[in-house]
Amino acid sequence: MKPLSIDLRERVIKAVDKGMKITEAAKTFNVCRRVIYNWLVLRKKTNNLAPKSGYQKGHSHKVKDWDQFKVFVEANKQYTIKDMAIKWQELINVTVSKTVIQRALKKIDYTSKKNF
């Protein structure tokens, strides 16, 4: 979802500052009352109505080189996911969890059926 424009934010806050009730402003400008309250808090904290920026979107990816990961999986397919996580961690020097390896294996469509 894209943040609302600064122009709209300024018009809404200006109307509220001039005495318009927040409920009325919400109906007039077609925004949620909670949004207006959040903008008032934002203005009080930062003296600005610009939306937050620079925050991370999505999780950070521990597997960046997919070709290297595919080679790694083929070379270590006898290991469990837990052991693969430890070996991958040693290889790239970045802490990884079992879940990271599971997601990466799923992404490369790797399945391992173990029949005992």
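The values are calculated or read from the model by the stated rules, or taken from the named source; none is laboratory data. Please read all numbers here as calculations on a predicted model, not as lab measurements. Neighbour counts are summed over all protein chains in view; Cβ atoms, including those assigned to glycine, are modelled from backbone coordinates with ideal geometry.
Of all residues in segment 63-80, those satisfying the criterion of being part of a loop (DSSP other than H, G, I, E, B) and without any contact (Cβ under 8 Å) to a residue 24 or more places away in the chain are 64, 65, 76, 78, 79, 80. Residues in segment 24-69 that are surrounded by 13 or more Cβ atoms within 10 Å (Cβ to Cβ), under 27 Å from residue 87 (Cβ atoms) and among the hydrophobic types (A, V, I, L, M, F, W, C): 63, 69. Within segment 1-23, the set of residues being modelled with pLDDT of 95 or more, surrounded by fewer than 10 Cβ atoms within 10 Å (Cβ to Cβ) and among the basic types (Lys, Arg) comprises just one member, 18.
The lone criterion from (1) closer than 30 Å to residue 11 by Cα; (2) at pLDDT below 95 left unmet by residue 27 is number (2).
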